[in-house]
1. Is segment 27-346 rounded, prolate or oblate when judged by the Cα gyration tensor, a ≥ b ≥ c being the square roots of its eigenvalues, rounded requiring a/c under 1.5 and prolate requiring a/b larger than b/c?
2. Sorted by packing (mean other beta-carbon atoms within 10 Å per residue), highest first, where do 58-66, 38-46 land?
3. Count the lysine pairs in the chain whose Cα atoms sit under 27 Å apart, keeping only pairs 8 or more residues apart in sequence or on different chains.
4. What angle do you read, to the nearest 10 degrees and between 0 and 90, between the alpha-carbon axis of helix 319-329 and the longest principal axis of the chain?
5. Please compute the modelled spin-label separation between S347 and T25, points set 7 Å along Cα→Cβ, answer in nm with one decimal.
6. Which value, in debye to the nearest 20, describes the size of the charge dipole of the chain about its Cα centre when Lys and Arg Cβ atoms bear +1, Asp and Glu Cβ atoms bear -1, and nothing else is charged?
7. Looking at the chain only, what percent of DSSP beta bridges run antiparallel? Nearest 5 please.
8. Order 317-326, 193-202 from most to least packed using the mean count of other Cβ atoms within 10 Å.
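Only the coordinates and a few stated rules stand behind these numbers; no lab work does. Since we're looking at a predicted model, the values are computed, not measured. A quick note on method: Cβ atoms are made from the backbone with ideal geometry, for glycine too, and the neighbour counts reach across all protein chains shown.
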Amino acid sequence: MSVLRLPTASGDLEPYQLGTFGAVTPVPGPWKKREVFAAVHVVADPLGDPVGSTAVDWEATLAYRRHLWSLGLGVAEVMDTAQRGNGLSADHVTELIRRTSEEAKTCQGRAVYGVTTDQLQGHDHTLPAVVTAYEQQLEYVESVGGEAIIMPSRALATTARSSDDYLLAYDRLLSAAAGPVMLHWLGEAFDPALAGYWGHPDPWQAAETVLEIIAAAPPGHVTGIKVSVLDPELEISLRRRLPPGVRCFTGDDFDFPRLIAGEDGFHSDALLGIFDAIAPVASAAFDHLEQGDVPGFHSLLEPTVALSRHMFEAPTYHYKTGVVFLAYLTGHQDHFRMLSGHEGSRSIIHLAELLRLADRAGLIADPDLAEHRFKPLLSLAGIE
């Protein structure tokens, strides 16, 4: 194994020896103290049309879900990590739900499924049309025996004129649900089209609408809410006010160890895109938490925070590139291609820093493979 010459933010090259920090050994769950889901990516077919029906490598995509289940993590399917609304078509969504639900039953793995309105085209929709589109996807998830996560809707964001419209839409949708569902609050950093969701530009005011929706839902219909607003104080405030039986799932990829560990008797469960990338370390960390070893939990996860903050740096919605990049470096897929060509969304300097941070976090179990796969990217960038 040779020393790599990696580009830095200043544009210089510096030597870096992979494998110095060693890899963390995973300790598969399940765990009882926290519910843990990874929002999981899809593997593109490198020979297919990146925007066509052959774009997904279904077997490699399902193999990665089996990997996560083998570590004890649950799978959050067709979320934004899977390039939902950013390359994954509505037809792909339906097919992926079907395939994953079948695989979950075979593997006895836990899976939850995102529901939104991405089958709607254009921007001119009525509120009833948006609700109907939601109901169609919800009905499909329930028909395959899946548990639904009601994701934000770009169509609803452009149609709703006030918080009252959100209250009305979610009331109708939750009343139509046959079983329990989770809600999902995705901040505009993850999707700028969702700015002002819940009818308020101020997230703290928006939280009041969220709580009102949950309180008005039929008893037992809302089991949790995933909060991806990158404001830990807002999440802490919200989770304290949730009704009994409603879990708070952190989607804060900047401050997740603190939020999961909890304080003053309150904690967040986990539903995170970064857990796709750091699954082996996360599994070992949750084993420590299960044993009551909170310092051990933090000692494993804290090195991944720098990695996550770099991966999710602005523009945050390009974090999926880093997720797929690490899956490629660690041998979980054979290529670094993405739907709609999004592998080009981050610079070689960004990717080089991801490699360093992943190594320091204990994620590079095979340094020779990672080096072999990163060198061609350097060559493409003109670095020999």
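1. rounded
2. Details: 58-66: 17.3, 38-46: 25.3.
Result, highest mean first: 38-46, 58-66.
3. Taking the Cα cut-off of 27 Å, the pair count is 8.
4. Once rounded, the angle reads 40 degrees.
5. Label-label distance for T25 and S347, simple model: 4.0 nm.
6. Result for the chain is approximately 440 debye, rounded to the nearest 20.
7. Of all bridge pairs located within the chain, approximately 15 percent are antiparallel.
8. Peptide ranking by packing, descending: 317-326, 193-202.
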